[in-house]
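Encoded as C-alpha cells, the structure appears first; notes follow it.
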Amino acid sequence: MTLSGIGAASKILFTLRPPLLFCPRLARPWSSFGVLEALSQPEFLDGHAQRAQASSSVSTSSSLNGVEGLKVSTWKVMSSKALGIKKSMIAKQTRSAINELRRRGYDVYLVGGCVRDLIMRRVPKDFDIITTANLLEVERAFSRCAIVGKRFPICHVYIDDYIVEVSSFSTSGSNSSSYVRYISRTPPDCDEIDCIRWRNCLGRDFTINGLMFDPYSQLVYDYLGGMEDIKKAKVRTVIPARISFQEDCARILRAIRIAARLEFRFTRETAQCIKELATLVVRLDKGRILMEMNYMLSYGSAEASLRLLWKFGLLELLLPIQAAYFVSQGFRRRDTGNNMLLDLLSNLDILLAPDRPCHNSLWIALLAFHEALVCIPRDPLVVATFGLSVHNGGDMLKASNIARRITNPHNQKFSELLEAHVWDEDNGLINEVVDFASSVISALRSMTDECFVSQAMARYPQAPMSDLVFIPLHLSLRVLRIFDCVNHRDMEKGFVPKQGSKINYYRLANGDLAELRHVFARVVFDTIYPPKIDEQDLNSPRTSGS
C-alpha cells in the first residue's frame with residue numbers, strides 16, 4: 001500500500017507482511033519425497049536401529065497384517081539422525097521435562113503430531129511426552145505439576161510460562177479405544193517394550209500421529225505405516241474410519257484440521273466417513289467445538305480449514321451464517337476460487353503459524369466484521385477508516401485523515417464493497433464509520449443468537465438446519481471490546497495503540513487488546529487494499545473454479 005505524506009505514524013500500521021519464514025505453510029516441508037524412500041534402506045539406520053528393525057519390523061510384519069480386522073503395515077524403526085531430527089528442534093522446556101524423567105530412570109518418548117512435524121521439517125504446535133512413569137511419579141518429579149482430566153488424565157508440568165503435557169503408558173492403555181482393547185492377540189516375536197509401544201500407537205487417531213520418538217536412542221518407531229502415509233500426503237485413521245469417528249466424533253474435526261494444516265488429502269474411506277458422519281459433531285460439548293475450531297482458525301491454516309469444512313458439509317453445522325454466505329456466492333463444494341471471507345482468513349494465516357497463534361477473539365472479530373459487510377456493503381474508505389479507528393482506540397479524526405491519503409486502489413472484486421465515494425466532509429465519513437461499527441456489533445450478537453443462527457440457512461432447504469452456538473457470552477464480550485471504541489465515537493481513555501509493526505505473539509495469543517486491534521487492522525487492510533496486485537486482477541470479477 002502506498003500512503004503518501006503520512007510519515008512515521010503510517011509505518012506503524014502498514015509494514016504489511018512478515019518474512020516468509022513466518023509462514024511455513026507457504027513452502028513445501030521438503031523438496032522431494034525421495035528422501036523418505038531412501039530412509040527405508042539399511043544404510044540409513046545406525047547399528048542399534050538395524051538390530052531393532054531386524055528383531056521387530058521384519059520378524060513381525062507378516063503376522064500383523066489383518067490382526068482382528070486391522071491393516072498393520074510393516075514395522076519400521078528409523079534413525080532420527082537420518083530423518084534430520086535434532087534435539088535442538090525440541091522446545092527447551094520440553095527437553096527439560098524429558099531430561100528430568102530420564103534422570104529418574106524412566107523411559108521417555110515424544111509421540112503424536114510433534115514427531116510427524118519434526119520429520120516434515122515443520123515447527124510443531126506443541127510437544128506431547130509419554131513415559132513409563134505413572135502420573136503420580138511424574139507429579140513427584142516436578143515442583144510445579146498437576147494431574148488434569150478425568151476421562152484421559154495427564155500431567156501438566158509448568159516450566160517457565162510453558163505447559164508441558166506428559167501422559168503415562170499406564171493410563172493411556174486403560175483409556176484406549178474399545179476396538180483396540182478388543183485386540184487381545186499379541187503379535188508373535190514381540191518383546192514386552194515393543195508390545196507396549198505398539199498398543200499405545202494403536203490408540204492414536206491417525207497413522208501419521210502414531211509415530212514415537214526416543215530422543216536418547218535416537219530412534220523413531222512406526223508401527224502403523226505413518227511414514228508411508230506422510231510420503232503419500234494422506235490422512236488415514238488407525239482403526240476403520242467409521243468405528244473411529246463413531247467412538248470419538250471430535251476426530252472428524254481433527255482430521256479436517258490436520259489435512260488443512262499439512263495440505264494432505266484423506267484416504268477414500270476416511271473422506272467418505274467424514275461426509276456420512278458429519279452431523280455427529282453437533283453432539284460434542286460446545287467447549288470442545290470451540291477448542292477444535294480455534295485450532296483450525298488460530299494457527300495459520302484458517303482458509304484451508306474453512307474450505308474443507310465447506311467441502312465436507314460441516315460448515316453449515318458449525319458456522320451456518322458463513323455457510324449461507326458461501327451459498328449466496330454460488331460457491332460449490334469443490335470450488336478453488338476465492339471470496340472476501342476466504343481472503344480475510346488467508347491474510348490472517350500469513351501472520352500466524354502453529355507456534356505463533358492468535359487469541360480466538362481475533363478470528364471471531366473477523367467473522368463478525370465480514371458478516372456486517374455482507375448484510376450492508378460499504379464504501380472502501382469507510383471500511384479503511386473503521387480499521388484505522390479500531391487500531392487507534394477510537395481516534396476517528398486521525399483515522400479519517402490517514403485513510404484519505406491511501407493511494408492504492410481497493411479490491412473491486414468483492415460484492416461487499418461499494419464503488420468508492422468522494423467524501424467532502426469528515427463528519428459524513430465518521431457518521432458512516434459509526435454506523436458500520438454498530439452493524440459489526442449487531443453481527444457479533446447474531447452469531448451468538450440461537451434463533452438467528454437457526455434461520456441462517458432457512459433459504460437453502462437442501463442443507464441441514466443448525467442452531468449451534470459455541471461462542472460463550474464471556475468470549476463475545478471480549479470480542480466486543482475490540483470494536484467498542486469506534487461505536488462510542490470518543491477515543492478510548494487510557495488506551496495506548498501498539499507502536500511498531502512487529503507482532504508480539506505472546507501478547508496476541510493471550511488476547512492483549514492493542515495487539516488484537518493491530519493485527520485486525522492489518523488483515524483488513526491487506527484484504528481491502530491488497531499490496532502488489534495488478535490493475536487487471538483488481539477489476540476482473542471474482543469467479544469460482546471447479
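For the reader, a short list of remarks on this structure follows.
- Over the range 203-288, accessible surface divided per residue gives 34 Å², non-protein components excluded, 1.4 Å probe.
- Nearest-20 debye value, the range 304-360 charge dipole, Cβ charges on Lys, Arg, Asp, Glu: 220 debye
- Within-14-Å neighbourhood charge of Glu165 [Cβ basis; K, R +1; D, E -1]: -1
- The range 410-476 and the range 96-158: distance between their alpha carbon centers, rounded to Å: 43 Å
- Just the protein heavy atoms count here, and of the accessible area of the range 191-235 at 1.4 Å, carbon and sulfur take up 48 percent.
- Averaged per residue, the range 99-149 has 42 square angstrom of accessible surface, using a 1.4 angstrom probe with ligands and nucleic acids left out.
- Ligands, DNA and RNA left out, the 1.4 Å accessible surface of the range 258-366 is 47% carbon and sulfur atoms.
- Sites matching trypsin sites (Lys or Arg not before Pro) across the range 260-336 that sit in DSSP coil, with at most 16 neighbouring C-beta atoms within 10 Å: Arg332, Arg333, Arg334
- Excluding ligands, DNA and RNA, the accessible surface per residue across the range 353-474 is 40 Å² with a 1.4 Å probe.
- 5 angstrom amide H check on Ile159, placed H, neighbours 5+ away: Val164
- Unit charges at the beta carbon, dipole of the range 114-155: most positive-side option, Ala133, Ile147, Met120: Met120
- For the range 380-501, the fraction of 1.4 Å probe accessible surface lying on carbon and sulfur atoms is 50 percent.
- Greater than 26 Å apart at Cα, pairs in Lys150/Lys275; Lys125/Lys502; Lys234/Lys311; Lys231/Lys502; Lys232/Lys413: Lys150/Lys275; Lys231/Lys502; Lys232/Lys413
The values are calculated or read from the model by the stated rules, or taken from the named source; none is laboratory data. Bear in mind the structure is a predicted one, so any value in this text is a computation, not a measurement. Neighbour counts run over all protein chains shown; Cβ positions are idealised from the backbone, glycine included. Surface areas here come from the heavy atoms of the whole protein model, side chains and all, with no ligands, DNA or RNA. Shrake-Rupley method; radii C 1.70, N 1.55, O 1.52, S 1.80 Å.
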